[in-house]
1. From the list (i) 67; (ii) 84; (iii) 96, can you say which value of volume of the Cα convex hull per residue in Å³ was derived from the structure given?
2. Can you compute the helix-only [θ] at 222 nm over the chain? Use -39500 (n - 2.57) per DSSP H run of at least 4 residues, normalise by all residues, nearest 500 deg cm²/dmol.
3. What do you get for GluC sites (Glu not before Pro) in the chain restricted to DSSP loop and a cutoff of at most 14 other Cβ within 10 Å of the site's Cβ?
4. Take every Cα pair under 8 Å in the chain that's 6+ residues apart, average their separations, divide by the length, and report that relative contact order as a whole percent.
5. How charged is the neighbourhood of I50? Take every other residue with its Cβ under 15 Å from the Cβ of I50, and add Lys/Arg as +1 and Asp/Glu as -1.
Amino acid sequence: MNVKDEQIVRLSELPAGTKAVIKSHDESEFQLTLMEMGCVPGEPVWVEMIAPMGDPMAINIAGYYLSIRKKEADKIWVEYN
């Protein structure tokens, strides 16, 4: 794998079935809540499902499933290839 093949995007932009690693969060009041739910930098995340209308999305993180709204997923930056 070449570093050039990796992309950093918002979690909300990933399609179902994609695995990635959390890189950072946008500064927000929700940032601490995200970290308390296991969305910490360096943690692997897998987009399990996305609702038919695109909101919410189910992710697998830290060994459990988390349902997260698209507006919160917009605040999480992930790296995938």
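Please treat every number below as a calculation from the coordinates, not as lab data. Quantities reported herein were computed from a predicted structural model and do not represent experimental measurements. Neighbour counts are summed over all protein chains in view; Cβ atoms, including those assigned to glycine, are modelled from backbone coordinates with ideal geometry.
1. (ii)
2. Numbers: 2 runs with 10 residues, N = 81.
Mean residue ellipticity, 222 nm, calculated: -2500 deg cm²/dmol.
3. On the way: sites: E6, E13, E27, E29, E36, E48, E72, E79; in loops: E6, E27, E29.
Passing both the DSSP loop test and the Cβ count: E6, E27, E29.
4. 43
5. Working: positive: R10, K19, R69, K70, K71; negative: E13, E48, D55, E72, D74.
Local net charge: 0.
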